[in-house]
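Please read the structure below before turning to the comments.
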Amino acid sequence: AIAIDMYGHIAAGSSSGGIGMKHRGRVGPAALVGIGTAVIPEDQVDDEGTAVAAVTSGTGEHMATTMASQKCAERLYHSTRRGVGGVDISATEEEAMSSFVLADFMGHPGVMQSNSAGAIGVMAVKKTNYGYFLQFAHNTDSFALASMHSNEREAKCVMSRLGGDQVGVVQGGRKIRTD
């Protein structure tokens, strides 16, 4: 979950039901800061008022190896994508999200060389003085999410799905302007 209060303060949290047949006592990484949840708060000297929160779901071991939510939050905060040799390149939010899934997550050696599938879904919010921008991306068969702002009576719910033979990343978003 990601929440923004009436003052623009952003917070996030995540948890996991864990994987089936896990070892007794295993604690999943979803609730750990930087893996399942990350927040980059507003810097008081930032004229844009930028803050970002990201929550992830997927293959926990791969999310831990890649510090998934922290990397996604950084990509959105700085509007960058991974370039050749790991150099950061300026990008739109949409490019940042796609690059995060494909290059930073799926392209990570710990994910590429693993025997288990690299599955991830990410929901993130970037707050600026111009509004709130919800972004989501996933490489899983489906990804469910909902959003709502204070002027809405009901939440907007989405069940995003990969198309039949589609491979890669599905992404979407929503903008909420502030006046």
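The values are calculated or read from the model by the stated rules, or taken from the named source; none is laboratory data. Treat the numbers as computed from the prediction; the structure is a model and nothing was measured. Neighbour counts are summed over all protein chains in view; Cβ atoms, including those assigned to glycine, are modelled from backbone coordinates with ideal geometry. Heads up: the accessible areas ignore ligands, DNA and RNA and are worked out on the full protein's heavy atoms, side chains in. Shrake-Rupley method; radii C 1.70, N 1.55, O 1.52, S 1.80 Å.
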State yes or no: is Ala124 among the small types (Gly, Ala, Ser) and under 19 Å from Glu74 (Cα atoms)?
yes
When you go through Gly118, Gly163 one by one, which is the residue that is open to solvent by less than 20 Å² (accessible area, probe 1.4 Å) and in a loop (DSSP other than H, G, I, E, B)?
Gly118
If you go through region 76-93, how many residues are under 15 Å from Lys126 (Cβ atoms) and either part of a loop (DSSP other than H, G, I, E, B) or among the β-branched types (Val, Ile, Thr) (or both)?
4
Could you pull out the residue among Ala103, Ala96, Ala137, Ala146 that is touching a Leu at 6+ places or on another chain (Cβ under 6 Å) and either part of a helix (DSSP H, G or I) or modelled with pLDDT of 90 or more (or both)?
Ala96
Checking Met106 against (1) closer than 27 Å to Asp43 by Cα; (2) surrounded by 15 or more Cβ atoms within 10 Å (Cβ to Cβ); (3) not β-branched (Val, Ile, Thr), which single condition isn't satisfied?
(1)
So, of the residues in region 5-29 that are among the aliphatic types (A, V, I, L, M) and modelled with pLDDT of 90 or more, which turns out to be farthest from Met67 (Cα to Cα)?
Ile10
Somewhere in region 60-73, is a residue closer than 16 Å to Asn139 by Cα and in contact with an Asp or Glu (Cβ under 7 Å, 6 or more places away or on another chain)?
yes
Is it the case, given these coordinates, that Val39 is out of contact with any Pro (no Cβ under 9 Å at 6 or more places or on another chain) and either open to solvent by less than 30 Å² (accessible area, probe 1.4 Å) or farther than 23 Å from Gly172 by Cα (or both)?
no
